[in-house]
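Step one of this worksheet: look at the structure below.
Computed from the coordinates by the stated procedures, all read-outs in this text should not be read as laboratory data. None of these values were measured; they are calculated from a predicted model. Cβ: placed from backbone, ideal geometry, glycine included. Neighbour counts: every protein chain shown.
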Amino acid sequence: MDADSATSRRRGSNQTGVRLFNDQIVIQTIRAQGPTPQSVLASQTHLSVQTMALIIERLESEGLLMRLEPVRGKVGAPSIPVALNPDGAFFIGVSIGRRRLDALLMDFTGVIRERWSAAHRYPDPDVLFAEVEEALKALRQLIKPKLRSRLRGVGVAAPLSFGGWGELLGFPPRLAQKWEGLSISDSVSQLPSAHGLSVHAVKDTSAACVAELIVGNGRQIDTFLYVFIDVFIGGGLVINGQLRLGTNGNAGALGSLALGTGKSPASLPAQLLSIASLRSLEARYVDAGLASDAWMDHRAMSDGWRPHTQKWLREVAPGISMAVHSAACIIDLPCVIIDGTMGRGLAQALVESVQHHLALYPWEGVSQPNIGIGSVGPEARAIGAALLPLYKTTAPDNALFMKPMA
């Protein structure tokens, strides 16, 4: 029997799996809709009132939930809303970018307590991990001493391969070589300030997708393709409320899509990331003698910059539309969410341009997905990184019911 067949054999879980799943359902329900009375939670989750009472009592004793002041109605006994305890758990998110490092401290309700950042010309691992250690140490110290044991983990978001894109980004050859074979997760785990903490690492666009799933549009949409544009374009895939990474962690890797076919193995076509890049938009601004960072705010759509932005949109939107059409034919997507580090005006213009080009594709036999703008924005990767430990432990997951055969 091959490895895939062996790992696919499953058997039922014990009561621990059921309990964890129910706990996660309750936490996620409160997270999605806010403070909720116990009786309403029981009704919405289809759990008995007695079971719900036990769950709430257990989670309250663990410090994750709290009861608010009674709310009195016109008739009947007052209801007592149950809410997430902001101090119930803390998480640190680290976003390692090609130009900067961003870190933040988040509480159990998803509120950002503090931010930390550092800019760099190139991501040199010798310098970068020293900065990560500095960020972790500073953020840990901001938690009250009696609550520091509630720091549940560190999430790390980073491009899947720094060294692989070194030539395209203009990295010195020696720098690209430093990243070869280097595990970001292991490197962070070995830092003094990460001692005793779980470290979860995913590619940066998957982390941004987690942010959209947990605190953004994902609270109303359970299946969507996520598109995120920064230095390069990337993405993520959510199906039935679960982030899908794929066998090698590459699900949603839109930037790798080919723009056509090659003439020979020695003459391969360009990839989508070669054009769908804020780096290429910056280059247009620089060539025109304009401020290169205008894509970050309203200037991108204002006089002076607008003609260059529109040329970029006309180049980028067809490629993204092609990717969306292909994905919709394979996965039957109801929705596509587009976001990035750009200003909101530019993001909205990109959404509209993609919608325009999608009308140029045939949709017989397949449904055209809705296209919307992301609600998290430029901080999505760092926010998603902080949410990774939370997502790993409190997102309802049917896999809890299934265990590999011994």
### Query
Convex hull volume of the Cα atoms in the range 198-237, per residue, in Å³?
76
### Task
Report the antiparallel proportion of the DSSP beta bridges in the chain as a percent, rounded to a multiple of 5.
60
### More than 13 angstrom apart: percent of Cα pairs within the range 94-155
63
### Message
Please list, short to long, the whole-number percent of alpha-carbon pairs of the range 260-324 in consecutive 10 angstrom bins beginning at zero.
### Response
20, 43, 24, 11, 1
### Task
If a/c stays under 1.5 just call it rounded; otherwise compare a/b with b/c (prolate if a/b is bigger, oblate if not). Do that for the range 212-299, with a ≥ b ≥ c from the square roots of the Cα gyration tensor eigenvalues.
oblate
### Over 28 Å (Cα to Cα) - which of Lys203/Lys263; Lys178/Lys392; Lys137/Lys203 fall in this group
Lys203/Lys263; Lys178/Lys392
### Task
At 25 °C and 0.890 mPa s, grab the translational diffusion coefficient of the chain from Stokes-Einstein with a Kirkwood Rh over Cα pairs, rounded to a whole number in µm² per second.
106
### Task
Add +1 for every Lys or Arg and -1 for every Asp or Glu among the other residues with Cβ under 10 Å from the Cβ of Ala208, and state the total.
-3
### Message
Amide H of Leu65 versus every other amide H placed in the peptide plane: which residues, excluding those fewer than 5 positions away on the same chain, fall under 5 Å?
### Response
Glu60, Asn85
### Task
Enumerate the amide H contacts of Gly340 below 5 Å, restricted to partners 5 or more residues apart or on another chain; note that Pro and chain-start residues carry no placed amide H.
Ile229, Gly377
### Query
Residues with beta-carbon under 12 Å from that of Gly343, excluding Gly343: net charge, scoring Lys, Arg +1 and Asp, Glu -1?
-1
### Sequence-distant residues sharing a close amide H with Phe90 (under 5 Å, placed H)
Leu151, Arg152
